[in-house]
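Here's the structure, in structure tokens; my notes come after.
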Amino acid sequence: MNMKAAAITAVMLLVYPVLKSQELFPAKKGDYWGFIDSAGVLKIEAKYDRVQSFNDIGFATVSLNHRHCVIDKSGNTIVIPQFADFNLLQDSFIVYKDNKKWGINSLGGKKITGPEFDEIIAAGPDAFAVKDKNLWGLISLTGNIFFKISCFEPPYPLGKFFIVKGMNGTGLTDENGKLIFEEKFRDIKILGPGYFNVQDSSGLTAIADLKGNFLSGFKYYQAVLLNAGFAKVYETVEPKLLSLSNGKILDSLLIDYYALGETMALSGNGECYLYGPNGKIFPESFESITIQNGEYLLLKKNNLYGISDTLGNIILKVEYDIISESTGPVYVASKSQKWGAVNKAGTTVIPFKYQQIEMSGLIAKATGDKSVTMYEISSDGKIDSRTEFTNTSIMSVDRLSITAKSADTTAPDPTIWKYSNGKWGLLAFDTGYLIKPMFSNVNKTIKKDFAIVTLEGKISTSNSLSGGLEIFERFGVVNQTTRKYIARPMFQMIDIKSLEDSTCQFFKAMRLDGIIVFIDKATGKVRNYNIIYCDDFTDKYARVYIKGHLSLLIPPDGSKPVMTVDEFKSVYNTRFNDNLNELVRKSIKNYGKQPEVYLSDGQWNYIDKQGKIKNNNIKDTLLRFSYVENYHNSRAITCKAGKYGLISESNEVLIPFEYSDISYLEGNVSGLLKLRNYDPLYTYLDTLGAPVSKRLFNKADNMTGNVTWVEIKRKRYLFTKEGALNEPPVYQRVQPFSEGLSAVKIRSGWGVVNEKFEKISEFKYRKIGKYSEGLATFISKEGSGFLDESGNEIIKGDYRIRDNFCNGFTCIYNGRDKCAFINKKGSFITKFKFREGGQYSSKGLCTVRKNKKFGVINSFGKVVIRPDYRKIILNENGRILALKRSELVIYDSLFNVVKKINGINEVREYKEGLAAFTTFIGTGFIDVNGNVIINPVLQTPSNVNHGHIVSGLRTKRTLINVSGARLNIPAFYNKEGICNGLILTRSLSGYYFMDVNGENIFKKEFKDAAPFVDGYARVKDFYNNWGLIDTLGFYVVPSAYSKINNYNKSGVSLASFTDLYGIADINGNILADAEYLSINILPSGIIRASGIESIAYMKKNGNWIWKPE
């Protein structure tokens, strides 16, 4: 017994009784997860934070008190919850983390290896790759190191081998760790079954077998496997053919080549040769050599054909006009314009004397001049029986439907049809011709009441390749009882199904212009609805697609089409354009104005078996469906204005047209319907990742305070952090809440409400701004000003107000675009002398601009720094950075000059006591006293975060500390800098978070991610779903959303879905609203509906097994 088998057997003995138990399903009860059976009975207590489904051998990974463990189907804990982090590998092992090191246990608790490695990953089904001190090795499933820890990268499987990369290059080991190729090559790849492509340090390639034997030297810069015996190699720009059996170069490949089983064909300049491992198989050349059915080669020379097997053994000499593809044990071929058959031993079994031979299984129908002969062929290519039919009417049959014992049921009846000079004619009752011989073919329907006739002819074309003439076929239908036309031969297609369907009053025919018409079988009357597509019947109806039409809209009112142009004529038809022009002239004459001409899109509808359109009311339903599906159980899924619904035969709407898609669950047309909604639905999540409310919203805004607005079916509500809605909805628009108040709009205007939805001010304003320091700006008919928290207008005037109050003052603008500052009493603290106000600080300061220069004023309106600078930054640490041309001036909080520095082009605000400054050389950092801490030699550095700085180009970033020393980690990709002490970077396969030691700290990668903000980061998995993780790498919000915002100050995250599912029955009853992430049928037949934080289960009859509250 090998190592893997022994390890798995030990686990299997432990769990064998569990494997025979019934299937269990994850289910949520309250805030915790457990498992239920197929009857909905809770079998394992709901006590876990998170659970995963049971794997194939009966184990599930669960989380208990935020510690991972493994349980069996009896609820027994197989791996106790002692680890905060571990992974289940290969269904039989756990890789766990303890004291920052990783180890392996079997699910039975047996120690494979202790926590002694920095990282452990699977290396195929039979090994683990382990990392220790930045080097990798391989251990077996029993914990034995079978390849030493010396690799610079994780070893990975290559078939049953392992690629290993050491100090000097790449090598290859077998499954036991024995080196096949030493670690000295640039690369090793599988060339194909049984061969390797080995590349040396110079980049040249050699070919080797599985034992490490080289078939060639290192002299090719590329090698490509062509088939099991040959490779294409490049020693120069000219490709060569290499035999893999002996390493011999056979020929140049500048001409065309293709693999033929175990051989190769090379062609060019009108010649083709067949090659085997040792060179040319045939000394002579052919015009072409092709493989047929993967089992023989078709040889062509002098426009004649022969056959050989794939090794080049001749089966048929090159002497046949045509050889059809092999059918069973014989080849059907033509020689000297006569058809016969030869078996695979090369023996003629059907003589070459027939006009045509058709095969159906082991039966061949051979058509001669005056008879048809049926041959039954044995599996070894011999004739078992032969039957000859001398009825000459059997000569022109299109499909093979006769056996060796019966005549062709589709052949024309000789008492009705007569064959003369290669054409068929229709006989009258007195045996004279009713229609002279003109049809190339006559086919009866199954019940012999109708015959489809084919009229063949030639038309002149401009195609010089066809000699200016082109053969055409036209089809018609004759009633064989009355011997009259039902449809004259003027159609490009006759539908046999509807013609043979006795329940159908009409049959379908396609005109030459592609329009499908419906012809009454009794009268020949043609019904035309301008249809360009018609389905086969299901139930009572068939789907049809009706071509769009042109209409005239006549002024002056333009309320309805009062005149419709003939729907069935083409826009480009000259006669149609004449009619249109005439109608336009009449319209101008009658109404005095030019009418509007428009072309509508085509629409779907249904036709019944009597040839009538189901909804033939243009004003109501003819053009209402943009798409329809076939009727099933008297129900049909239809689409109207881009939304799907379900209708009955009487057009009753069973499911409203509100869904992006509706389909039958798992294709079962007698079962349940799956409802799909692409439109986004929104929800709010708390800091535990749970929805604040069970409601989903059509639109929603970020919750900046305790209340925000949401929209449900185009009605806006106020929504609280606790999940309450104001009823009924009365607001048209809602602004974000600030300081417990919000501006809302009704029909009469804007007003203010509080978080209890109580009215604070009258709804009469044109605009109301955001509250700040107890005041909000307003604009009314009388002017502008500020509202207090009680809705009173306390400051009014004819001014433009752009800013809210900050630290007791703000700026207002007059008609000349000059600004002044006022306090909360409305008193002016400055005159209108500034161009604009700018950055406010918590220290009671504000930047101002005058004459294109910046200065600073305080909350009393006093200018504390004159407007002499091109840029000013107010920092929260009290320092003020003022930039004048190339001089940086640093002020303290008392506006004393701390230091002046020359040669500065740009500066940024202080972060963690350092500010970035830029010179013509590069970027450096200064402290609060202006001392240069890091010289200006950095490229595009980030701000300081957790004592580190990211610097360099986006794709080659480096990490330095606040002393300017570069950390010894490889260059990495980054564009956002450091956030929460972590760096978002990416590899070739995805994004990950790196610590300051250069480690992938979470051992995870994501398809996309955003930097950490306030301890949380948005991440996108490889299924395109977003979630939130914390700084430990744990999902706070599972990856289940199409979009997600980070947590705001209120501790709430706004997330949305764009692809949700529901369930309905065929009567239109909604069994589950479209609020589930996925709906599918499990192998047991149970329907699983997976939601945001729960899973529901349903029987196929629509009854719920388990539906969380």
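For this structure, a couple of remarks:
- Checking each residue in region 104-134 for being out of contact with any Leu (no Cβ under 9 Å at 6 or more places or on another chain), closer than 23 Å to residue 69 by Cα, assigned to a strand (DSSP E or B) and not hydroxyl-bearing (Ser, Thr, Tyr) picks out 105, 111, 114, 115, 116, 117, 119.
- Contacts under 9 angstrom Cβ, first residue in region 944-972 being in contact (Cβ under 8 Å) with a residue 12 or more places away in the chain, partner among the acidic types (Asp, Glu), 6 or more apart: 944/912; 945/912; 946/912; 947/912; 950/976; 962/912; 969/999
- Answer residue from region 311-323, given it is surrounded by fewer than 16 Cβ atoms within 10 Å (Cβ to Cβ), of a type outside the set (D, E, K, R) and not in a strand (DSSP E or B) and is farthest from the chain's Cα centre (by Cα) among those: 313
- Residue in region 443-478 that is nearest to residue 414 (Cα to Cα), counting only those that are among the basic types (Lys, Arg) and either outside any strand (DSSP E or B) or modelled with pLDDT of 85 or more (or both): 448
- Summed over region 1057-1102, the residues that are of a type in the set (S, T, N, Q) and modelled with pLDDT of 90 or more give a count of 2.
- Per the listing 949, 857, 872, the residue uniquely surrounded by 17 or more Cβ atoms within 10 Å (Cβ to Cβ), among the aliphatic types (A, V, I, L, M), under 29 Å from residue 819 (Cα atoms) and within 50 Å of the chain's Cα centre (by Cα) is 872.
- Filtered residues of region 995-1026 (kept if part of a strand (DSSP E or B) and either surrounded by fewer than 21 Cβ atoms within 10 Å (Cβ to Cβ) or of a type in the set (S, T, N, Q) (or both)): 1000, 1008, 1013, 1016
- Of the candidates 128, 86, the single residue that is modelled with pLDDT of 75 or more, buried (at least 20 other Cβ atoms within 10 Å of the Cβ) and under 37 Å from the mean Cα position of the chain (by Cα) is 128.
- Residue within region 778-794 that is crowded, with 20+ Cβ neighbours inside 10 Å, free of Cβ contacts under 8 Å to residues at least 60 places away in the same chain and either among the charged types (D, E, K, R) or in a loop (DSSP other than H, G, I, E, B) (or both) present: no
- Criterion violated by residue 979 - all others in (1) of a type in the set (A, V, I, L, M, F, W, C); (2) out of contact with any Asp or Glu (no Cβ under 9 Å at 6 or more places or on another chain); (3) farther than 30 Å from residue 878 by Cβ; (4) free of Cβ contacts under 8 Å to residues at least 40 places away in the same chain satisfied: (3)
- Within region 669-679, the set of residues being in a loop (DSSP other than H, G, I, E, B) and in contact (Cβ under 8 Å) with a residue 60 or more places away in the chain comprises 670, 671, 672, 678, 679.
- Selection within region 718-758: residues that are surrounded by 19 or more Cβ atoms within 10 Å (Cβ to Cβ) and of a type in the set (Phe, Trp, Tyr). The member of this set that is modelled with the lowest pLDDT is 731.
- Selection within region 248-287: residues that are buried (at least 17 other Cβ atoms within 10 Å of the Cβ) and among the polar types (S, T, N, Q). The member of this set that is modelled with the lowest pLDDT is 267.
- Meets criteria (surrounded by fewer than 17 Cβ atoms within 10 Å (Cβ to Cβ), in contact (Cβ under 8 Å) with a residue 24 or more places away in the chain and more than 17 Å from residue 1076 (Cα to Cα)) for residue 634: yes
- Hey, residue 368 surrounded by 15 or more Cβ atoms within 10 Å (Cβ to Cβ), touching a Pro at 6+ places or on another chain (Cβ under 6 Å) and more than 30 Å from residue 229 (Cα to Cα) or not: no
- Of the strands (runs of 3 or more DSSP E) that lie entirely inside region 245-307, those containing 2 or more residues that are within 27 Å of residue 223 (Cα to Cα) span 249-252, 256-260, 263-268, 271-276, 288-292.
- Cβ separations smaller than 9 Å between residues 6+ apart or across chains give the following pairs from region 801-828 residues that are in contact (Cβ under 8 Å) with a residue 40 or more places away in the chain to residues that are assigned to a loop (DSSP other than H, G, I, E, B) and surrounded by 20 or more Cβ atoms within 10 Å (Cβ to Cβ): 824/805.
- Among (1) crowded, with 18+ Cβ neighbours inside 10 Å; (2) not in a loop (DSSP other than H, G, I, E, B) - the single one residue 216 does not satisfy: (2)
The values are calculated or read from the model by the stated rules, or taken from the named source; none is laboratory data. For clarity, every value in this text was computed on a predicted model and none was experimentally measured. Cβ: placed from backbone, ideal geometry, glycine included. Neighbour counts: every protein chain shown.
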